[in-house]
Amino acid sequence: MRKAPWLAIILIVLTGLAVGMIYKIRRPKATTDIAQVEKDIRERLPVGTSRTEVEAFLDQKAMPHSYTGESKQFPKYEHTEAAMIRGTSRTWLVRGNTQILFKFDNQDRLIDYKVREINTGP
């Protein structure tokens, strides 16, 4: 009969530890600050920057990237350089990457860019 209080205490402590671990695992962890990425791009790649300079910037940062020129299949992404920063956030269920889309005019001059986090799975 004396073991029952100890078992209850152990069960309460173990439950508390399990809840604490679940909270820690579920809390999002950001490894890259999107606001900092946007600030860096805004300062170093103003509107009008050539595509060559944008690609040099991405190469310097070791970001994988690719360019889509003319595209009948995906007209929304014509003249767009897409770059990716992998593993910028994660939770216990979802991993996130940061995608950067640079839009160029017909003379390969930067006209706009978008930075967003995309969820890519476990």
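The values are calculated or read from the model by the stated rules, or taken from the named source; none is laboratory data. Since we're looking at a predicted model, the values are computed, not measured. Cβ coordinates were reconstructed from backbone atoms using ideal geometry, including for glycine residues, and neighbour counts include every protein chain displayed. The area values use the complete protein model at the heavy-atom level, side chains included, leaving out ligands, DNA and RNA. Shrake-Rupley method; radii C 1.70, N 1.55, O 1.52, S 1.80 Å.
Summary table
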read-out: Residue satisfying all of: in the stretch 32-53; in contact (Cβ under 8 Å) with a residue 60 or more places away in the chain and aliphatic (A, V, I, L, M); most open to solvent (accessible area, probe 1.4 Å) among these; value: 47
read-out: Residues (touching a residue at least 24 places away in the same chain (Cβ under 8 Å) and small (Gly, Ala, Ser)) located in the stretch 63-122; value: 83, 87, 89, 96, 121
read-out: Top-ranked residue in the stretch 69-91 [being more than 11 Å from residue 104 (Cβ to Cβ) and assigned to a loop (DSSP other than H, G, I, E, B); ranked as nearest to the chain's Cα centre (by Cα)]; value: 91
read-out: Every residue from the stretch 96-108 that is of a type outside the set (Asp, Glu) and either in contact with a Leu (Cβ under 6 Å, 6 or more places away or on another chain) or surrounded by 15 or more Cβ atoms within 10 Å (Cβ to Cβ) (or both); value: 96, 97, 98, 99, 100, 101, 102, 103, 104
read-out: Residue that is surrounded by the most Cβ atoms within 10 Å (Cβ to Cβ) [pool: residues in the stretch 54-68 that are part of a helix (DSSP H, G or I) and of a type outside the set (A, V, I, L, M, F, W, C)]; value: 55
read-out: Residue that is modelled with pLDDT of 95 or more and within 27 Å of residue 120 (Cα to Cα), where the choices are 72, 76, 61, 103; value: 103
